[in-house]
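Reading through the structure tokens given below for one structure.
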Amino acid sequence: MLIKKVEKALNDQLNAELYSSYLYLSMSAHFKAGNLEGFANWMFVQAQEELMHAMKFYDFITRRGGRVILQPVDAPPNEWASPKEAFEETLKHERKVTGLINNLVEIALSEHDHASNIFLQWFVTEQVEEEESANTVLQQLTFMGEAKGGLFMIDRELAQRTFTPPGVGAQTE
Ligand code: FEO
């Protein structure tokens, strides 16, 4: 049984994860239009990961006997001045999401909802990785400056990223 306050907070985070997916899908389309296939691939994989995050919340709310209430997903931006600017926004966004997850943990703990707290710990760990992976690319872009050759090399590297679908139910059990 989910306490209403926690149910609402989990639904809000489901929406935030869907927005994250929208944001990265928009970045993927932006890079695709600019013929940066590797950057487009990295963002497409990121969008899939965010959708998986959203489904984890969907799954958890439902399994706890709560009610999923889908809310409107805000439209993301669709242009960025440079790959570096897009990754600056990615890192900033992930830091914001980390804050949202931390708030959720605080709510779960204040309501003595230990099951939600345990569920959320996966996201606490995941956010360390999310910030790190965005920052790694940002550092590469910062180091490279405006050099076209460097951008090409990073694009080739980002083309290697793949999405491994997890068992949504399995990871929340
Ligand atoms: Fe769902 Fe990028 O955190």
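The values are calculated or read from the model by the stated rules, or taken from the named source; none is laboratory data. This one's a predicted model, so the numbers in the text were calculated from it and none came from an experiment. No Cβ is skipped: glycine too gets one built from the backbone with ideal geometry, and neighbour counts run over all protein chains shown. Just the protein is used for accessible areas: all its heavy atoms, side chains included, with ligands, DNA and RNA removed. Shrake-Rupley method; radii C 1.70, N 1.55, O 1.52, S 1.80 Å.
Residues of segment 1-34 being more than 23 Å from Ala86 (Cα to Cα) and not in a helix (DSSP H, G or I), which ones?
Once the filter is applied, which keeps residues that are more than 23 Å from Ala86 (Cα to Cα) and not in a helix (DSSP H, G or I), segment 1-34 yields Met1, Leu2, Ile3.
If a residue must be more than 12 Å from the ligand (Cβ to nearest atom), open to solvent by 30 Å² or more (accessible area, probe 1.4 Å) and either among the hydrophobic types (A, V, I, L, M, F, W, C) or in a helix (DSSP H, G or I) (or both), how many such residues does segment 93-116 contain?
Final tally of qualifying residues: 8.
Return the pairs, sorted by first residue and then second, in which the second residue is charged (D, E, K, R) and crowded, with 19+ Cβ neighbours inside 10 Å, the first residue lies in segment 6-34 and is under 19 Å from Lys56 (Cα atoms), the beta carbons are less than 6 Å apart, and the residues are 6+ apart or on different chains.
Close Cβ pairs (under 6 Å, with a partner that is charged (D, E, K, R) and crowded, with 19+ Cβ neighbours inside 10 Å) amount to Val6/Asp113; Glu17/Glu50; Ser20/Glu50; Ser21/Glu50.
Any residue in segment 128-143 that is touching a residue at least 40 places away in the same chain (Cβ under 8 Å), away from the ligand (no atom under 16 Å from the Cβ) and within 18 Å of Ala16 (Cβ to Cβ)?
no
Restricting to segment 144-165, what's the tally of residues that are touching a residue at least 12 places away in the same chain (Cβ under 8 Å) and more than 26 Å from His53 (Cα to Cα)?
Residues in segment 144-165 being touching a residue at least 12 places away in the same chain (Cβ under 8 Å) and more than 26 Å from His53 (Cα to Cα): 3 in total.
How many of the residues making up segment 14-64 are open to solvent by 10 Å² or more (accessible area, probe 1.4 Å) and of a type outside the set (Ser, Thr, Tyr)?
Of the residues in that region, 24 qualify.
Would you check if Phe163 is open to solvent by 50 Å² or more (accessible area, probe 1.4 Å), out of contact with any strand residue (DSSP E or B) (no Cβ under 6 Å at 6 or more places or on another chain), not polar (S, T, N, Q) and not in a helix (DSSP H, G or I)? Quick ask: steps written out before the conclusion?
On the way: open to solvent by 50 Å² or more (accessible area, probe 1.4 Å): yes; out of contact with any strand residue (DSSP E or B) (no Cβ under 6 Å at 6 or more places or on another chain): yes; not polar (S, T, N, Q): yes; not in a helix (DSSP H, G or I): yes.
Judged against the criteria, Phe163 is a match.
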